[in-house]
Each structure stands twice: as structure tokens, then as C-alpha cells.
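The structure appears right after this line, and notes come after that.
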Amino acid sequence: MRVMVIWCPDWPVVAALADEGQPTHLPAAVFHANLVQAGNAAARALGVRRGMRRRDAQARCPELKVYAATPERDARRFETVLAAVEEQHPGVAPLRPGMAALRAPKRVSGGEPAAAALLAERLVGLGVWDSRVGVADELFTAEQAARHATEQDCHVVAPGRSIAFLRELPVDVIEDLDAISLLKRLGIRSLGELADLPAAAVRDRFGSKVAWVHRVVGGAGAVPLTTRTPPPELARHVDFEPPLDNAETISFSVRQTADRVVAGLAAQQLVCTEVRIEAFCEGSSYAGDMAGPASARDWLHPRWFTAADLVDRLHWQLQGAMRNMASRAGEIRSPVSRVLFTPVTVVPDAVHADGLWGGTDERVQRGIARVQGMLGHEAVVVPVLQGGRGPADRQALVPWGERPTGLRPAGHPWPGSIPPPAPARVFGSPWPAEVVGPGGRPVAVGERGAVLGEPTRFRPEPRGGWHPVASWAGPWVVEELWWEKGTRRVARFQMVGVDGRAWLMTWEAPGSWWTEAAYD
């Protein structure tokens with residue numbers, strides 16, 4: 001059995017640009033932990049490299065478009081590619097977002113290169129311009145062959161030539177940076193030199209991953225191709241003949257279609273938490289993601305969508321898009337001929353079973369979704385906890401119903417952060433404050449973090465009175481952006497007045513005091 005691997009380079013960047021409808025020629029990069037995880041060819045041409053810090057990447061390419069790493073987005077976008085490949089050749093095995101394998105077709109006129117050319121042509125129709133195909137006797141060799149192919153081309157390793165092909169490759173193809181560094185320090189530059197080493201020594205010295213590559217190059221260790229079962233078709237659409245130009249009429253006409261969407265999910269024991277609703281006008285094309293519907297929006301639900309929820313979301317979407325149809329200023333400028341519901345994120349229905357303690361009232365959820373439909377998805381947000389040193393840094397606002405991504409990890413150590421318990425009230429803008437010691441001398445913090453003066457009185461509110469200090473704790477000193485010219489040095493204190501109220505106060509160099517939060 002011959003194996004064919006399809007590789008779409010820089011897929012995280014391709015998926016991010018496609019999500020925003022941006023052209024693929026713009027320099028862009030995806031970042032994780034403030035480091036470049038992936039960049040496209042335009043970014044690499046301007047000096048952006050994988051593993052580079054964000055600040056250095058933007059210094060080399062100021063117009064660089066920056067995206068956060070989102071594996072869910074990459075997988076969702078790649079699902080379209082998998083579906084297109086399965087239409088021509090059933091039995092696709094996804095390896096990772098951007099790469100998939102299948103059994104090489106045997107009965108295509110022109111052989112394996114012709115089959116690869118047909119797949120590349122199919123992907124171009126989806127807007128995926130850079131795809132590369134490799135064909136070999138087993139999976140690892142086919143993947144390396146795909147990485148040797150040029151854009152929209154195929155690299156075929158002849159039958160029985162896999163070992164000879166692999167022996168010429170550098171050790172950099174091993175996905176283990178520590179092992180690559182060690183191999184090069186030992187003078188081993190190619191997989192052929194690695195294959196000549198004893199198997200036991202490779203396993204003991206370099207670990208299981210390198211040992212597996214050693215077996216593959218030696219003619220053993222090939223991974224069998226495990227194909228997936230094509231997912232069920234969950235999307236549903238309804239056509240209108242003649243086309244309709246009224247939001248209420250359209251919403252009434254799609255009720256049965258919404259019922260079929262929910263029933264189709266229920267048959268698979270699934271529920272939908274994110275759905276894409278598209279409205280097409282007369283003359284629109286319905287083929288593929290590049291069709292360009294007149295109105296399209298992804299809707300999220302904090303629990304799961306019912307048929308009534310789908311109809312409501314469509315109605316709200318059409319109301320905004322058709323509001324100015326007569327003046328040709330709205331998104332929808334002609335009657336609607338098709339409505340398409342596409343479940344984007346589905347989960348097992350057991351995940352969203354009702355808890356014994358109840359949940360958010362459904363009327364509240366519908367009201368919030370209504371506000372989002374009128375004012376935009378970012379109009380309603382909920383606070384989410386993330387990592388940080390100050391109380392304001394630990395808060396992040398996420399749109400209602402959306403899963404938080406790109407947050408700072410709360411479990412990591414944050415030197416200089418205040419100990420628990422956290423303050424109950426965090427002010428949007430810190431209040432100007434004053435803290436003095438004996439004789440009314442201002443209290444400050446020295447360069448080594450020592451408190452210069454014993455706090456005896458403080459005024460936490462701009463127009464409030466002075467309070468004698470009952471107890472205090474601190475300082476927790478933080479130097480922010482110390483590597484740049486605008487260094488910010490702050491020290492946080494917990495102050496308790498004789499009235500029992502506690503405050504989180506901050507001293508900022510060279511000598512100003514602020515009230516950040518209050519303990520209630």
C-alpha cells in the first residue's frame with residue numbers, strides 16, 4: 001500500500017487570515033507565549049522566524065498581522081479541506097491541522113502525480129493556494145516527501161526507494177529540538193549516519209522518538225495508516241422561490257429547517273454550541289467557503305442551541321442586515337434566496353446535561369443574545385480570571401458565550417503578586433491617594449525595596465478624610481518593562497484603617513500613591 005500525504009504549509013496563519021477574510025499575501029504570524037509559532041512566506045521574507053519574540057518580529061516587520069494561537073480555529077478550518085479530499089478519495093487520516101494522509105489512488109489516469117494534481121486543483125477552489133503532496137511506501141517518508149515538494153506540486157518516492165531517500169535527509173526533520181542539538185554536537189548530521197548507530201544506544205541516549213525514526217530509516221517501525229470515518233452532514237439549508245425580502249417571513253419559513261438541524265444533531269447524540277448562519281441573495285454562489293454570502297455570522301451559545309434559538313438568531317441577523325435595503329446601505333441589498341445553518345462546534349449532549357443546582361435562566365440568555373445581535377458580539381462581556389501581578393491584570397473580559405483564549409496562565413508563579421485573599425472591588429482607574437508617616441512625612445520605597453518611613457496615616461479616596469493606620473503589610477515590589485526605556489517601578493501595600501476597612505494601595509516611583517482596590 002502506497003501512502004499519500006497532503007501538506008498545507010503555515011496552516012495556523014492561513015486559518016487565522018481566512019477567519020478574518022484577509023488576503024493570504026499579507027505578512028502574518030501566530031504567537032504562543034509571546035513567541036512566533038508560525039509565520040507565512042511574506043513574514044519570513046521580511047525576517048520573521050519561528051521562535052522569535054513578538055517584539056523582535058514586529059521590529060523587523062512593523063506591518064505584521066498578529067494572531068493568537070487557537071488550535072480550535074485551525075482544526076475547524078482544516079475540516080473543510082478534509083471534506084474536500086474525502087469527496088475524491090474516501091478514507092482520509094488527519095495527522096494535524098494542515099496535514100492529512102490517505103492511501104495513494106491506484107486507478108487514476110496518469111498515476112500518482114495526476115491524482116495529486118487533481119487534489120491541488122480541488123483545494124485551490126477552496127482558496128488554499130499552497131498545498132504540497134508527497135507519495136511513498138510508508139507514512140513518515142511520504143510526509144518528508146511532501147515537505148520537499150514545491151507549491152501545488154507532488155514529490156514521489158519510487159517504490160522501494162524510501163530508505164535511500166530518508167538516509168539523505170538531515171537530522172533536522174526529527175521533531176525534537178533537544179535531540180537535534182545533541183546529535184549535531186556528536187557530529188551526526190544525516191539520518192543515514194543515525195541509522196548506522198546501534199539501536200540500543202540510540203534508544204538509551206536519545207529517547208523513544210529518535211529511536212522510532214532510527215527504526216523507520218532502517219526499514220522497520222512504519223506506522224499503519226488509520227483512516228477516519230467521514231463525519232455526518234450536519235448543515236441544513238432552505239431555498240426560497242421566489243426570494244423573500246422580509247425578515248419575519250424568512251424567519252417563519254426556516255422553522256422546519258431549524259428543527260431538522262437540531263434533530264440531526266440529536267440523532268448523533270450531539271448538541272451545537274456554535275453555529276454559522278449565512279444568507280444568500282439572488283445570484284449568489286453556494287459552492288465552498290469562498291462563495292461570499294450576503295450576510296454571515298457565527299453565533300455562540302453558553303449552553304446549546306435549540307430550534308427556537310436558531311430562528312431567533314437568524315431573525316436578529318437579518319434585521320440588522322436588511323434595515324437599509326431600500327437605500328442600498330445594508331449588507332443584504334436584494335431578496336434572500338437561501339439560508340444555510342452550519343454547526344461549527346458540536347459536543348456530546350451529556351456534556352451539557354442540566355445540573356442539580358440549575359443554571360442561567362433561558363430568558364436571560366435570550367436577552368443577552370438579543371443585545372449582542374443589536375449592538376455587536378463584543379457588547380456583552382463576562383470577567384474571566386487570568387494570571388497577573390496586580391488585581392486589574394488578573395481580569396480579562398470575554399464576550400458572552402465565547403470560550404476564553406489567549407489568557408495568561410493563572411497557575412504559573414507571578415513574582416511580586418499580592419497574596420490571597422483577592423480584593424473584592426477593583427477600580428477601573430486607580431484613585432489618587434496619600435500615605436504619610438510620623439510628622440506628616442510622605443512614605444516611599446527605596447531602590448532595594450525597603451520602606452522609607454512607618455505608615456501612620458493614609459487617605460485612600462481623593463475627597464475622603466485621613467485614616468489612622470491600624471495595620472499594614474508589604475511592600476510587594478514589581479519592576480515592569482525593565483528592559484525598555486520607560487521602566488515602571490511600583491510597590492503594593494495592604495492598608496487597614498482603624499474603622500476596619502482594608503485597601504490595596506500602590507506606591508509608584510518617583511513618589512505618587514494610588515488606591516487600586518478595596519477589601520470588603
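The values are calculated or read from the model by the stated rules, or taken from the named source; none is laboratory data. All values reported here derive from a predicted model rather than from experimental measurement. Neighbour counts are summed over all protein chains in view; Cβ atoms, including those assigned to glycine, are modelled from backbone coordinates with ideal geometry.
Can you tell me which residue within the stretch 63-118, out of those that are over 15 Å from the mean Cα position of the chain (by Cα) and among the acidic types (Asp, Glu), is nearest to Val135 (Cα to Cα)? Checked the stretch 63-118; the qualifying residue nearest to Val135 (Cα to Cα) is Glu112. Of the numbered conditions (1) within 19 Å of Glu274 (Cβ to Cβ); (2) modelled with pLDDT of 90 or more; (3) not acidic (Asp, Glu), Pro71 fails exactly one; give the number of that condition. Condition not satisfied by Pro71: (2). Just one of (1) touching a strand residue (DSSP E or B) at 6+ places or on another chain (Cβ under 8 Å); (2) at pLDDT below 90; (3) not assigned by TED's automatic domain parsing to the domain that holds Ala308 fails for Thr229. It is (1). In the stretch 491-520, the residues that are touching a residue at least 24 places away in the same chain (Cβ under 8 Å) reach residues that are among the β-branched types (Val, Ile, Thr) and assigned to a loop (DSSP other than H, G, I, E, B) with C-beta atoms within less than 7 angstrom, at least six apart or across chains, in these pairs: Arg492/Ile418; Leu504/Ile418.
Of the residues making up the stretch 442-459, not a single one is under 21 Å from Trp414 (Cβ atoms), among the small types (Gly, Ala, Ser), part of a loop (DSSP other than H, G, I, E, B) and in contact with a Lys or Arg (Cβ under 9 Å, 6 or more places away or on another chain).
The listed residues are Arg76, Arg96, and the only one of them that is modelled with pLDDT under 90 and closer than 30 Å to Gly47 by Cβ turns out to be Arg96. Of all residues in the stretch 1-17, those that are acidic (Asp, Glu) have Cβ atoms under 8 Å from Cβ atoms of residues that are surrounded by 22 or more Cβ atoms within 10 Å (Cβ to Cβ), 6 or more apart or on another chain, in Asp10/Ala38; Asp10/Gly39; Asp10/Asn40; Asp10/Gly98. Please determine whether any residue of the stretch 15-31 is assigned to a loop (DSSP other than H, G, I, E, B) and within 21 Å of Pro409 (Cβ to Cβ). No, the stretch 15-31 contains no residue that is assigned to a loop (DSSP other than H, G, I, E, B) and within 21 Å of Pro409 (Cβ to Cβ). The residue that is nearest to the chain's Cα centre (by Cα), counting only those in the stretch 460-483 that are farther than 22 Å from Trp414 by Cα and in a strand (DSSP E or B), is Ser471. If you check Glu87, Glu63 for being of a type in the set (Asp, Glu), modelled with pLDDT of 90 or more and exposed (fewer than 14 other Cβ atoms within 10 Å of the Cβ), only one passes: Glu63.
Out of Gly110, Gly98, Gly125, one residue alone is surrounded by 18 or more Cβ atoms within 10 Å (Cβ to Cβ) and either farther than 15 Å from Ala146 by Cβ or touching a residue at least 24 places away in the same chain (Cβ under 8 Å) (or both). It is Gly98. When the stretch 149-179 is limited to residues that are of a type in the set (Val, Ile, Thr) and out of contact with any strand residue (DSSP E or B) (no Cβ under 9 Å at 6 or more places or on another chain), the one that is surrounded by the fewest Cβ atoms within 10 Å (Cβ to Cβ) turns out to be Val173. Could you check, for the stretch 303-313, whether at least one of its residues is of a type outside the set (Ser, Thr, Tyr), part of a strand (DSSP E or B) and modelled with pLDDT of 80 or more? Checked against the condition, which is being of a type outside the set (Ser, Thr, Tyr), part of a strand (DSSP E or B) and modelled with pLDDT of 80 or more, the stretch 303-313 yields no hits at all.
Taking the conditions exactly as written (among the aliphatic types (A, V, I, L, M) and within 22 Å of Asn40 (Cβ to Cβ)), does Ala68 satisfy them or not?
Yes.
Just to verify a result, which residue in the stretch 470-496, among those that are surrounded by fewer than 18 Cβ atoms within 10 Å (Cβ to Cβ) and at pLDDT 85 or above, is nearest to Ala433 (Cα to Cα)? Per the stated criteria, the residue is Val496. Of the residues making up the stretch 110-145, those that are touching a helix residue (DSSP H, G or I) at 6+ places or on another chain (Cβ under 6 Å), of a type in the set (A, V, I, L, M, F, W, C) and farther than 22 Å from Thr80 by Cβ are Val135, Ala136, Phe140. For the stretch 421-441, the candidate set comprises residues that are over 44 Å from the mean Cα position of the chain (by Cα) and part of a strand (DSSP E or B); within that set, the residue that is farthest from Ala502 (Cα to Cα) is Val436. If the condition is being loosely packed, with under 14 Cβ neighbours inside 10 Å and either modelled with pLDDT of 65 or more or of a type outside the set (Asp, Glu) (or both), then the stretch 351-365 contributes Val351, Ala353, Gly355, Leu356, Trp357, Gly358, Gly359, Thr360, Arg363, Val364. Selection of the stretch 294-312 for residues being in contact with a helix residue (DSSP H, G or I) (Cβ under 7 Å, 6 or more places away or on another chain) and under 14 Å from Val371 (Cα atoms) yields Trp299, His301, Asp312. Here Thr515 fulfils each of the conditions (1) more than 19 Å from Arg389 (Cβ to Cβ); (2) at pLDDT 90 or above; (3) within 37 Å of the chain's Cα centre (by Cα) apart from (1). The set of residues from the stretch 394-414 being part of a loop (DSSP other than H, G, I, E, B) and either touching a residue at least 60 places away in the same chain (Cβ under 8 Å) or within 19 Å of the chain's Cα centre (by Cα) (or both) comprises Trp400, Gly401, Glu402, Arg403, Pro404, Thr405, Gly406, Leu407, Arg408, Pro409, Ala410.
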